[in-house]
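Engineer: For reference, the structure I am asking about is given below.
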Amino acid sequence: MTQSIVRTLLDTPGDPAHDAFVERRSQFIGDACHVAAFDEALAFVDCVRSQHPKARHVVYACVCGGSGQLSERMSDDGEPSGTAGRPILEVLRGNGLTDCVVTVTRYFGGVLLGAGGLIRAYSTAASMAIATARFGVIRRSRRYRVVLDYRHIGALQRILLALGGKPGETQYADHVTLELLVPEEQTERFEAQVRDAFSAAVRPQALDVTELIIPE
């Protein structure tokens, strides 16, 4: 089974990707980060706004939806309609990104840029911030629970990592209970390799389907 590539950012709201430039005395500051939902995006916008209380505009665009149906939001924050939020959104679309938000903060320098100048400036600031970001790929993944002997942990982890999976919560008792995430297109291979490696002594229990972010 194959799936289309869906990209996101790895940079967090606490440490966003960042860059800035000056255009005809106005400073444009771009910040970009990963968010899981629109509420997180709006919280990040509010945080940026609180860091720049004297800025004239804090414009943003956001795309959410993971590997499912995407939803988009944007705001011109007082700039002429279509000259600020939409250019940022087009940068996100052009990079195939979801689950992320980009803000561009403008300190007005007293010179009007016109509609074309604003579109170029906001697009440039967004592109510059994205250019400094770290990227990841979102992949639909199956969550498994596996109970096994301590001596089998290393072999299981090698199978998991070779298939692009990721270990999750681990509980230690008489046996080890692991939660694992396996890319959905690799589940058949994972189950077959585990069966072959442990002669059915280890039986992964398939749980829900979620999303796994893998660094590019």
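The values are calculated or read from the model by the stated rules, or taken from the named source; none is laboratory data. What you are looking at is a predicted structure, and each value in this text was computed from that prediction instead of being measured. Please note: Cβ atoms are built from the backbone with ideal geometry, for glycine as well, and neighbour counts cover all protein chains shown.
Engineer: Residue by residue through segment 27-36, note down the ones that are in contact with a strand residue (DSSP E or B) (Cβ under 6 Å, 6 or more places away or on another chain) and at pLDDT below 95.
Structural biologist: Those that are in contact with a strand residue (DSSP E or B) (Cβ under 6 Å, 6 or more places away or on another chain) and at pLDDT below 95: none in segment 27-36.
For (1) outside the structural domain of Asp11 (by TED's automatic domain parsing); (2) in contact with a Phe, Trp or Tyr (Cβ under 6 Å, 6 or more places away or on another chain); (3) at positive phi; (4) not basic (Lys, Arg), each residue gets a yes or a no:
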residue: Met74; (1), (2), (3), (4): no, no, no, yes
residue: Pro80; (1), (2), (3), (4): no, no, no, yes
residue: Arg86; (1), (2), (3), (4): no, no, no, no
residue: Thr98; (1), (2), (3), (4): no, no, no, yes
residue: Thr105; (1), (2), (3), (4): no, no, no, yes
residue: Leu113; (1), (2), (3), (4): no, no, no, yes
residue: Ile119; (1), (2), (3), (4): no, no, no, yes
residue: Ala125; (1), (2), (3), (4): no, yes, no, yes
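Engineer: So which residues in segment 62-81 are hydrophobic (A, V, I, L, M, F, W, C) and in a loop (DSSP other than H, G, I, E, B)?
Structural biologist: The one that is hydrophobic (A, V, I, L, M, F, W, C) and in a loop (DSSP other than H, G, I, E, B): Leu70.
Engineer: I would also like to ask the following. Can you tell me which residue within segment 137-154, out of those that are touching a Lys or Arg at 6+ places or on another chain (Cβ under 9 Å) and surrounded by fewer than 19 Cβ atoms within 10 Å (Cβ to Cβ), is nearest to Pro215 (Cα to Cα)?
Structural biologist: Val137
Engineer: Return the residue satisfying two criteria in turn: it lies in segment 45-76 and is more than 24 Å from the chain's Cα centre (by Cα) and farther than 19 Å from Pro16 by Cα, and of such residues it is surrounded by the most Cβ atoms within 10 Å (Cβ to Cβ).
Structural biologist: This residue is Arg56.
Engineer: With Arg106, Arg134 as the choices, which residue is of a type in the set (D, E, K, R), in contact (Cβ under 8 Å) with a residue 40 or more places away in the chain and in contact with a Lys or Arg (Cβ under 8 Å, 6 or more places away or on another chain)?
Structural biologist: It is Arg106.
So that you can scan it fast, the table gives a plain yes or no per residue for (1) of a type in the set (Gly, Ala, Ser); (2) under 15 Å from Val63 (Cβ atoms); (3) not assigned by TED's automatic domain parsing to the domain that holds Ala125:
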site: Leu10; (1), (2), (3): no, no, no
site: Asp15; (1), (2), (3): no, no, no
site: Asp19; (1), (2), (3): no, no, no
site: Arg24; (1), (2), (3): no, no, no
site: Phe28; (1), (2), (3): no, no, no
site: Asp31; (1), (2), (3): no, no, no
site: Ala36; (1), (2), (3): yes, yes, no
site: Glu40; (1), (2), (3): no, yes, no
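Engineer: Quick one: how many residues across segment 4-23 are assigned to a loop (DSSP other than H, G, I, E, B) and at pLDDT 95 or above?
Structural biologist: Residues that pass the stated criteria total 5.
Engineer: Further, regarding this structure: Starting from segment 146-158, keep only residues that are touching a residue at least 40 places away in the same chain (Cβ under 8 Å), then list their pairs with residues that are assigned to a helix (DSSP H, G or I) whose Cβ atoms are within a distance under 6 Å, requiring at least 6 positions of separation or different chains.
Structural biologist: Filtered contacts from segment 146-158: Ala155/Ala197.
Engineer: OK, next. Quick one: how many residues across segment 163-206 are in contact (Cβ under 8 Å) with a residue 60 or more places away in the chain and among the polar types (S, T, N, Q)?
Structural biologist: The qualifying residues number 1.
Engineer: Another question about this same structure. So in segment 89-110, with the set limited to residues that are under 16 Å from the mean Cα position of the chain (by Cα) and hydrophobic (A, V, I, L, M, F, W, C), which one is farthest from Asp39 (Cα to Cα)?
Structural biologist: Restricting to residues being under 16 Å from the mean Cα position of the chain (by Cα) and hydrophobic (A, V, I, L, M, F, W, C), the top hit is Val91.
Engineer: Residue by residue through segment 157-210, note down the ones that are under 24 Å from Leu97 (Cβ atoms), touching a Lys or Arg at 6+ places or on another chain (Cβ under 6 Å) and among the acidic types (Asp, Glu).
Structural biologist: Glu184
Engineer: Could you grab me the full set of residues in segment 145-171 that are assigned to a strand (DSSP E or B) and touching a helix residue (DSSP H, G or I) at 6+ places or on another chain (Cβ under 8 Å)?
Structural biologist: Selection gives Val146, Leu148, Lys166, Pro167.
Engineer: Oh, and also: From (1) surrounded by 14 or more Cβ atoms within 10 Å (Cβ to Cβ); (2) in a helix (DSSP H, G or I), pick out the condition that doesn't hold for Glu188.
Structural biologist: Just one mismatch for Glu188, condition (1).
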